[in-house]
1. Being touching a residue at least 12 places away in the same chain (Cβ under 8 Å) and outside any strand (DSSP E or B) is the filter here, so list the residues in the stretch 62-73 that pass it.
2. Looking at the stretch 17-52 only, could you name the residues that are surrounded by fewer than 10 Cβ atoms within 10 Å (Cβ to Cβ), in a helix (DSSP H, G or I) and either in contact with a strand residue (DSSP E or B) (Cβ under 7 Å, 6 or more places away or on another chain) or at pLDDT below 90 (or both)?
3. State the number of residues belonging to the stretch 83-126 that are more than 29 Å from Thr45 (Cα to Cα) and touching a residue at least 24 places away in the same chain (Cβ under 8 Å).
4. Can you work out which of the residues in the stretch 70-104 that are surrounded by 14 or more Cβ atoms within 10 Å (Cβ to Cβ) and of a type in the set (A, V, I, L, M) is nearest to Cys28 (Cα to Cα)?
Amino acid sequence: MWSAVRNWGKLAGLFLALAPAMAGCIACDSEVTYGDKGPAVGRSTLRQVKPGRTTKQWVLATLGEPTSQDTIPDGQEILRYEYVKRTKSDFAMVPPPLAFENEREQHTRVVFEIRDGVVVDYWKEY
């Protein structure tokens, strides 16, 4: 019986000695920023746009001045809102010692076609 207790004691001692080496640590971080070019146009905002009913004034009041604006010969206006979304992600893990860093840029343009002061069409380009 005492030999079984001694074996358990050795096993427990071995486990306690190795526990710090088996324990791990994981760290993650993610940061999202937007460039200074224009406002980010979200899905919830675009869902409010109704072609044939939404006015140019509403678009300007909601999104501000466009990044660029053109008037074509038939009188139709094109408003473009461009922005850049930057995502930076970091990941680290021990053991084994691993570290990753990922940076990504997504360029987006939202275009509104305006005729007679009313949105006739709009789309998002990536």
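1. Here is the first cut: in the stretch 62-73, the residues touching a residue at least 12 places away in the same chain (Cβ under 8 Å) are 62-64, 66-68.
If the condition is that a residue be touching a residue at least 12 places away in the same chain (Cβ under 8 Å) and outside any strand (DSSP E or B), then Thr62, Leu63, Gly64, Pro66, Thr67 are the ones that fit.
2. Matches in the stretch 17-52: Ala17, Ala19, Pro20, Ala21, Met22.
3. Final tally of qualifying residues: 6.
4. Among those that are surrounded by 14 or more Cβ atoms within 10 Å (Cβ to Cβ) and of a type in the set (A, V, I, L, M), it is Ala92.
Okay, residues lined up against (1) within 18 Å of Gly35 (Cβ to Cβ); (2) at pLDDT below 95; (3) of a type outside the set (A, V, I, L, M, F, W, C); (4) not in a loop (DSSP other than H, G, I, E, B):
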{"position": "Trp58", "(1), (2), (3), (4)": "no, no, no, yes"}
{"position": "Gly75", "(1), (2), (3), (4)": "no, yes, yes, no"}
{"position": "Arg80", "(1), (2), (3), (4)": "yes, no, yes, yes"}
{"position": "Val84", "(1), (2), (3), (4)": "yes, yes, no, yes"}
{"position": "Thr87", "(1), (2), (3), (4)": "yes, yes, yes, yes"}
{"position": "Phe91", "(1), (2), (3), (4)": "no, yes, no, yes"}
{"position": "Phe100", "(1), (2), (3), (4)": "no, yes, no, yes"}
{"position": "Glu113", "(1), (2), (3), (4)": "no, no, yes, yes"}
{"position": "Asp121", "(1), (2), (3), (4)": "no, no, yes, yes"}
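The values are calculated or read from the model by the stated rules, or taken from the named source; none is laboratory data. For clarity, every value in this text was computed on a predicted model and none was experimentally measured. Cβ sites come from the backbone with ideal geometry, for glycine too, and all protein chains shown count toward neighbours.
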